[in-house]
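The values are calculated or read from the model by the stated rules, or taken from the named source; none is laboratory data. This structure is a prediction, so every number in the text was calculated from the model and none was measured. In this analysis, Cβ positions are derived from the backbone assuming ideal geometry, glycine residues included, and neighbour counts consider all displayed protein chains. Protein only, heavy atoms only, side chains kept; ligands, DNA and RNA dropped before computing areas. Shrake-Rupley method; radii C 1.70, N 1.55, O 1.52, S 1.80 Å.
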Amino acid sequence: QVQLVESGGGLVQPGGSLRLSCAASGSIFSINAMGWYRQAPGKQRELVARITSGDSTNYADSVRGRFTISRDNAKNMVYLQMNSLKPEDTAVYYCNADIRLWSGVQRRGVWGQGTQVTVSS
């Protein structure tokens, strides 16, 4: 089994910064792509940023230039540095990963439980 656990969410004023972390644990052989998604109330879950095992990244247009995704393969972690936060960034942020287990099983689209980010004055 594998598990993703997010941390770092909270309440921040507009223009502020937060850093989200996601730790993967379990019988992990390797992790391919990792990403961050978010879901605001009444809206569909959307991709925020994604990073491949080769460190290629892509971002939603709404966050490009403000958010930075990075990963630490040795620790099986992915991070999201969020700067210049706006009220419209308010959402539950979810970590997602494609994981290969030591058994050889490929687990695609593993989700964390989410962490709330609220941007408000």
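Taking only protein heavy atoms into account and a 1.4 Å probe, give the accessible area per residue of region 32-113 in Å².
53
Taking all protein chains in place and a 1.4 Å probe, what share, in percent, of the accessible surface of the chain do carbon and sulfur account for?
46
If you take every residue apart from Ile99 with its C-beta less than 11 Å away from the C-beta of Ile99, what net charge results, scoring Lys and Arg +1 and Asp and Glu -1?
It works out to a net charge of +2.
Mind checking Rg over Rh on region 19-81, alpha carbons, Kirkwood formula for Rh?
Value, to two decimals: 0.99.
Distances over 23 Å make up what percent of all Cα-Cα pairs in the chain?
That tail contains 26 percent of the Cα-Cα pairs.
Nothing charged except the Cβ atoms of Lys and Arg (+1) and of Asp and Glu (-1): what's the magnitude of the dipole of the chain about its Cα centre? Round to the nearest 20 debye.
120
Would you give the gap between the C-alpha center of region 1-40 and the C-alpha center of region 51-121, rounded to a whole Å?
If you average the Cα positions of each part, the centres end up 5 Å apart.
Short version: ³J(HN,Hα) in whole Hz for each residue of region 15-26, in order, from phi by Karplus 6.51 cos²θ - 1.76 cosθ + 1.60 (θ = phi - 60°), x for Gly and Pro, what are they?
Values, residue by residue: x, x, 10, 9, 10, 8, 10, 9, 10, 9, 9, x Hz.
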